[in-house]
Amino acid sequence: MGDATADGRPETATEPPETGGAVPGLDEAGLLLEIDGAVATVTLNRPERRNAMTFATWRGLAAIGRSLPAAVRVVVLRGAGPSFSAGIDLGMFSGESGGLPDGSDPEAADRFIAELQDGYTWLRRPDIVSVAAVHGHAIGAGFQLALSCDVRVVADDAKFCMKEPALGLVPDLTGTKPLVEIAGVGRALELCLTARTVHADEAARIGLAEILVPRAGLDDAVRDLVGALLAVDAGAAAATKRLLWQAAGNTLEQQSAAERREQIGRLRALFGT
């Protein structure tokens, strides 16, 4: 085998990255999927619309989550063109993309929204680490997609905005929980109810960006992070992610017990018992 590259893949790999053909409908959803060994890159690919999202986009993201090969350990979310995502495609309000439910059947509307949320929830799975590479605008649904990822690498031209309340809606793509956990209730209220823009430097100060880099260095920073993530034992990474995700909701006693359970599992794996 050849030497490893910076992201842990063999230098002499002969197989080209797989593209999104294995997941039907991605072109129509405005998505690209590339799988290169342990790394899957999902690109929002409607640059002419600043990667505005439709129902098809969210269903396509959910389909990617369901079909992801077991070998994938890191998922990178990025946007083509000048923006990460301008959020919901306003054409859906005029019926151009299938129409929003009117809420007259609450159970049907609940199922409809839950189906769209599936495009976001899989990014929290413990067997993967999800990385959002954010540049330009990350508005509404785009902001929530970045919040769904484990780590956000943010370019210095990024602009976040939770636009839904200004449109008469609420953020419903799983973004409210991580926003409150990261920024606190007061700051989350202020951001959502004013729908103001948060620039990259403020995003870093309040914890919305784990890594802040110049726009020209975004790809390199993501590549370095992916390499560091892949260098860690996969089983230990998944166990640690499970622990960290549940820590906020656990008492110290519960979390200590969870640590013991996970460590016993790791010891069994290491010693083959």
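Relative to the longest principal axis of the Cα atoms of the chain, the long axis of helix 185-194 lies at roughly 40 degrees.
If both residues of a DSSP beta bridge must be in the stretch 20-231, then about 25% of such bridges are antiparallel.
Apply the a/c threshold of 1.5 to the C-alpha gyration tensor of the stretch 193-273 and tell me whether it is rounded, prolate or oblate. Please report the intermediate quantities before stating the final value.
Working: a/c = 5.01, a/b = 1.59, b/c = 3.15.
Oblate.
Tell me whether the stretch 233-273 comes out rounded, prolate or oblate; compute the Cα gyration tensor, take square roots of the eigenvalues as a ≥ b ≥ c, and use a/c under 1.5 as the rounded threshold. Here the stretch 233-273 falls in the oblate category. In the stretch 34-78, taking the dipole from charged Cβ atoms about the Cα centre, the farthest positive-side position among S67, L44, F55 is held by F55. Per residue, the Cα convex hull of the chain amounts to 154 Å³.
Taking the Cα centre of the chain as the origin, how large is its charge dipole in debye, to the nearest 20, when only Lys and Arg (+1) and Asp and Glu (-1) carry charge on their Cβ atoms?
On the way: 26 positive and 36 negative charges, 117 e Å.
Value, rounded to 20: 560 debye.
Going by alpha carbons, how many degrees (0 to 90, nearest 10) lie between the helix axis of 218-230 and the longest principal axis of the chain? Tilt relative to the chain: about 40 degrees. The phi torsions of the stretch 118-124, fed into the Karplus equation with coefficients 6.51, -1.76 and 1.60 and a -60° offset, translate into couplings of 4, x, 10, 5, 5, 5, 8 Hz, rounded to whole numbers, with Gly and Pro shown as x. Applied to the stretch 257-266, the Karplus parametrisation 6.51 cos²θ - 1.76 cosθ + 1.60 on θ = phi - 60° returns per-residue 3J(HN,Hα) values of 5, 5, 4, 5, 4, 5, 5, 4, x, 5 Hz, with x for Gly and Pro. Reducing the stretch 210-273 and the stretch 84-158 to their Cα centroids gives an inter-centroid distance of 24 Å. Classify the stretch 36-123 as rounded, prolate or oblate from the Cα gyration tensor: take a ≥ b ≥ c as the square roots of its eigenvalues, call it rounded if a/c is under 1.5, otherwise prolate when a/b beats b/c and oblate if not. Taking the square roots of the gyration eigenvalues as a ≥ b ≥ c, the stretch 36-123 is oblate.
Taken together, the values in this text are just the output of simple stated rules run on the coordinates, not laboratory data. What you see is a predicted model, and the numbers here were worked out from it, not measured in a lab. Neighbour counts run over all protein chains shown; Cβ positions are idealised from the backbone, glycine included.
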